[in-house]
Every structure is written in C-alpha cells, then in structure tokens.
Amino acid sequence: MRRYRKIPLTWMVAIAQVAATMPESVTEWARQAFGFEADPLQRPILDCDALRVIACTSRQVGKSTVAALRALYLALKYPGSLILMIGPVGSQAGEILEKAREFAAELGFRIRGDGINKQSLRLPNGSRLVARPAVSATSRGYSQARLIIVDEAAFVPDGIFRSITPSLGISRGSLWVLSTPHGQAGEFARFWHDQDNGFARFSITADQCPRFTPEFLAAERYLHGELSYAQEYLCQFISEGVQLLTREQVQASFITAAPVPTLALQGETRYYFGLDLGKRQDHSALVVVELTWAQGPRNHATQGFTRLPQLTVRYAARLPLGYETTGLPRFVRDAAQSFPLLAALRHPGTLLVDATGNGHTVIELLRGDRNGLLLKPVTISSGYKSRQLADNYYSIPRTDLLTRLKLLFERGLLKIERPAAGMDFLERELIQFEPSGRQQEHDDLIMALSLAIWQAVEDHKDLIGLPGHTPVFATQRVL
C-alpha cells in the first residue's frame, strides 16, 4: 500500500507527485495516504461530487474529519484552489482546518499560512484553505471557491449563505453544509427538509457510528433526557418552543387542491382577505382564506346532516419593497376578481387591513375603490381585548391574532393549497415565525393570514371552541 509521508524531493515536485498518483476516490486516497478507514456511512460523503451536499449527523461521528479529508484532497488535486471553511465562530471553523493541517503534515508538507488570513493553510501548489467565522461582512470578499464547508450550519446566521454562495458561481464549486440539528428554524433545517433543492443528503445517527458503545448512548439519554438525546444523537429536529408552530403542524396543513363544496352548500362559502401594509423594510402582503362547508354525518333525530367547516388558504402574495401605495387598491381588486364564486355569493368578502401607524391613507384609497369587499381597518395593539374604535376602525390585540391562528393549526381546521402562488414563502414564514418577532424571516404573510383568520373566527367562533351565536356544526335539513 503506497504512502506519501516521506517525500525527498522539493516541495513543488513532491506535491505534483502526490496529485499525479491520487486515486479518483477520496476514500481510497485517505486509506492509501493515511491508513484512514472510513466508516460505511462516511464513504459516500467523502466521494460525493455533487455541487450541493448536506449532512445531518450526530455529535462526534467524524464529520469534521471527513470534511478535512475532502478539503485537502481537492486542494492537492487542483492547484490554486480556494477552500473556504465557515463556522459559527472562528475557532469552530478552525477545527476542520486544524485536521487538514495535521493530514498535510503527515504528507510531509511544511505548515504555513497564506500571509493574509490568520487561520489558513497554503500549499506549495498555490491552493489555500481558509477558516472564517460566520460573519457576512468578512465572508463576502472571497471569489471562485472550489469548496465551501459550513460546519455546525444550524448555529450560523441565516444571512451567511447569501454572502458566500455567489463565490461558487463561476468556479462551479461545491457547498457542503454540515451540522447536528438545532431546532426547527433556520436555513439548515430548511435545506434539510426541502426535498427539491438539489442537495445530496446524508445522515449519520449515533447508533450508526461504530465508535459509540450502547452503554455510552444509554448514559447520555439518561443524563440529558429524551428530547435532547433525540436531537443531539438521533438527528431529530426538535422545536425549541420559541416558534409559534412546529414544522410538523405546518407541513401537515398542506393539501394538493382546495375542497369543492356540494352545490347545496356552495352558497355558504365565505372569503376573508388580510392585507398587511409594508413599512420601509417590509413587504405589503395579501392573503385570501376560503371558508367552505362539507356535509357531515346524518343526524337521525332531525333527518339532516351536520356541516363541517374547512378553512383553506387560497392566495398569498408579497409585493416588492417600495411598491407604489396608489397601486394597492388595484392589487386587492385583481385578487378578489380571481375568485369568480365571490361575486355570486350572498355574503361579500371581508377585507381586514392593518392600518397601524400610517395606514390611514391606504384605507381612504381602498374606501374609494369598488372591489366588492367589506372593508375593516384594524390597528394591532398590545392589549387583551378587541374593541371598535371611531370611523369603523377596530383594535385587535396581537396576542389574539396569533392565538387564533395557532389554535386553528392545532385543530387541523386550517389547510394551505400547495399549488397556489406564494405558498413557499408562506411556509417558510410559518416555520420560522416567533411570537416575539425576533425571527430572521419576514412575517408579512403571517400577519396578513392572521388578520383573515381572525375575522373568520369572529364570524364563526365555534371554529376554535369559543361561544358564539351561530353554531358551526349546525344541522341542515334534507327535503
């Protein structure tokens, strides 16, 4: 078995020899060069040539070692390469770099930096390995990277990906995203759960790692509890409790098509529009929710059928930043006209508009527009009770808006029509949203949805079990 540790030639000749004799398989190269025997689940990661790779692993299963081997292999094979390693803090990114240095030293190379970056390794063929903390401002200046490794990606700021991925465009470089799960929010969780984003995905749980003993894992489970163990060792994305909804609740709400009521119940359909007005850094957003009724079980005492409600999100649109205020009435009118059934209903659709702050001008524009909707201006308050204000305005507590939305998701009464426009943005907001408002994602669509939902529940309080004048599960007599 050939090894490369003792190289009696000059540095340039030595590294050229190494590159010329390197096998195509990184797994095989690691075995020949270092005697490193990759675990069965490490091998496909080492040899993966995909442009986008994501690995969701347990703690201490060797993902940093695998990343270091892949990084050094590419740096040796392709002269002049830039390998960028990103971590939540500089020292964490430096862990992969340090392993790469150790492997390079085993090959006989002198360990030195690139003269620019404090945490770096420059090889004689001009390739550089650079470790940087996950700070957008300091990660933007790198170009034409052959490989970018984001370690502990669940803990880095979401904005870091927007800063680093452009450097892969011209070089056709690869992005490796590695982490143990950390809650259900953030880009790492989104990348992992999105099956259509082009990532090659790999997972290694602790019980799949041959170096963990059953006794150690049992002790960790007992010491840290089931939830922590499930996340740290079994690669499960456990909600931290700061999000309004769990990822499972959001994903369970998606349906492929909106329900179609029977002809007898079609006239009972209601439409609720929620419009959240954007500020300087926020989008204006409009969401349309449809309330339909389905025929339930027969009531043998009355010979009628119960009515079962279903709320479905049919429309979600975020307007570009800086959208002209004068264009909002037409935007709402066009959205209303996209639902032909609305014009034939006995009940007009209801439009709730967040007029908190400087929204009065928009309200006056909407009042002057004939969109066929019942307009209800709203100011969102920090109180606990909704009340009517002057000029037909309503004050609604933010907690009331969000609580009603949460309860409908929990009861499974709110569905989202997946094929409809804007639902991908809505899904992302719903998963990331925190009631505190500290999430990194926008919340424009969520607030628009909350407004529409609030009015639907106000009209039919039994949707969430509140006392109301008109029971939702009323009986319809069959003639």
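Taking first residues from the range 95-108 that are at positive phi and partners that are crowded, with 16+ Cβ neighbours inside 10 Å and not in a helix (DSSP H, G or I), the Cβ contacts under 9 Å between residues at least 6 apart in sequence or on separate chains come to Gly108/Tyr4. Within the range 156-186, how many residues are under 26 Å from Arg128 (Cβ atoms), modelled with pLDDT under 90 and not aliphatic (A, V, I, L, M)? Qualifying residue count for the region: 12.
If you go through the range 82-105 and keep only what is modelled with pLDDT under 90 and outside any strand (DSSP E or B), you end up with Pro88, Val89, Gly90, Ser91, Gln92, Ala93, Gly94, Glu95. From the list Leu365, Leu352, Leu426, Leu407, the lone residue that is touching a strand residue (DSSP E or B) at 6+ places or on another chain (Cβ under 8 Å) and part of a helix (DSSP H, G or I) is Leu426. Here the range 37-67 is the region considered, the condition is being crowded, with 20+ Cβ neighbours inside 10 Å and out of contact with any strand residue (DSSP E or B) (no Cβ under 9 Å at 6 or more places or on another chain), and the residue that is nearest to Phe202 (Cα to Cα) is Leu46. Annotation for the range 224-239: at least one member residue is within 21 Å of Leu414 (Cβ to Cβ), at pLDDT below 90 and out of contact with any Phe, Trp or Tyr (no Cβ under 8 Å at 6 or more places or on another chain). Filtering the range 255-280 to residues that are touching a residue at least 60 places away in the same chain (Cβ under 8 Å) and either charged (D, E, K, R) or not assigned by TED's automatic domain parsing to the domain that holds Ala344 (or both) leaves Arg270, Asp276, Lys279.
If you take the residues of the range 320-331 that are in contact with a Leu (Cβ under 8 Å, 6 or more places away or on another chain) and closer than 11 Å to Ser284 by Cα, which of them is modelled with the lowest pLDDT?
Out of the qualifying residues, it is Thr325.
The values are calculated or read from the model by the stated rules, or taken from the named source; none is laboratory data. Here the structure is a predicted model, which is why all the values come from computation and not from measurement. All Cβ positions, even for glycine, are placed from backbone atoms using ideal geometry, and neighbour counts span all protein chains on display.
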